Amino acid sequence: MEKSNNLAILILAAGTSSRLGEPKQLLKVGEETLVQLTIKKALELSSNVRVVLGHKSDEIKNEIIEYPISIIINPKYKEGMGSSLAYGMSNFFEANKVLIMLCDQPLIPLTHYKKLIKKSLENENLIICSKYQNKFAVPSIFPKKYFNILKELKGDKGARKFLEENPLDFVLLEDKYSMDIDTKKDYLDFLNH
C-alpha cells in the first residue's frame, strides 16, 4: 500500500500517565520508546504526521525531534484526551481524513491500520473505527466533515462517545492486540506477551 496523501495522522501522546507513575510515552520496547514505535508505524502510512504532547513534553520531544513530523504541545493537556484531540485538530493540515492513533497501544499491527485505510477508501464519508472488547474505539479514521466537531471536544471526552453517536463502519481488532499500557502491570504483561 502506498502512503496516502489525503490522510493525516494525529498521535495523542500528551497524557500524564498518572496510574503508571512515569511517562508511558518513554517506556522502552527493545531499543525504542512507545512514542517512537507509534511514530514509525504512522510514517509507514502517511508523511503527514502530527504528535500532540503535554506532560513532560520537553523530555518526550527530545526523543522524537529527529522524525519528519509536526510536534505540538497542548497547554491544557491535564484536562484529558478530548482536550488533546481538539487541540491536535486545530489548524489542521490539508487532508481529507485524519487517523487518530494512541501511543500506548504498541501491539496493534501495521496491517490493522492498513485495513482501516482500505475500508475508509471504500466508504469515503463514513467514520471507520476499530472494534475490540465489544466497543468502538480508536484507532479511527474521520472524514473531513467531522474535523470541526472534533475541534470542539472538551476535557476527558475522547472519541468514543462521538463514535457511538455517528454512522460508522469498523474493522475488528483481536482483543489480544488492543492492550493499553496504563499501569506497571500492563507494561510487564506487554514485555512478557
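Structural remarks
- The residues listed here are Leu116, Leu121; of these, the one that is in contact with a strand residue (DSSP E or B) (Cβ under 6 Å, 6 or more places away or on another chain) and either among the hydrophobic types (A, V, I, L, M, F, W, C) or under 20 Å from Thr38 (Cα atoms) (or both) is Leu116.
- Residues in the range 20-39 that are crowded, with 20+ Cβ neighbours inside 10 Å and touching a strand residue (DSSP E or B) at 6+ places or on another chain (Cβ under 7 Å) were compared, and the one that is modelled with the lowest pLDDT is Pro23.
- The one condition in (1) surrounded by 15 or more Cβ atoms within 10 Å (Cβ to Cβ); (2) free of Cβ contacts under 8 Å to residues at least 24 places away in the same chain that Leu168 fails to fulfil: (2)
- Checking Ser90, Ser120, Ser84 one by one, the residue that is of a type outside the set (A, V, I, L, M, F, W, C), closer than 27 Å to Ser17 by Cα and surrounded by 15 or more Cβ atoms within 10 Å (Cβ to Cβ) is Ser84 and no other.
- Looking across the range 39-63, the residues that are under 17 Å from Glu22 (Cβ atoms) and not charged (D, E, K, R) come down to Leu53, Gly54, His55, Ser57, Ile60, Asn62.
- Close pairs (6 angstrom Cβ cut-off, 6 or more residues apart or separate chains): under 19 Å from Val35 (Cα atoms) in the range 172-193, in a helix (DSSP H, G or I) anywhere: Ile181/Lys24; Ile181/Tyr187; Ile181/Phe190
- Any chance Ser90 is at pLDDT 95 or above and among the polar types (S, T, N, Q): no
- Options Ala42, Ala8: the member that is crowded, with 20+ Cβ neighbours inside 10 Å and part of a strand (DSSP E or B): Ala8
The values are calculated or read from the model by the stated rules, or taken from the named source; none is laboratory data. This is a predicted model, so every value here is computed, not measured. Here Cβ is always computed from backbone atoms with ideal geometry, including for glycine, and neighbour counts include all displayed protein chains.
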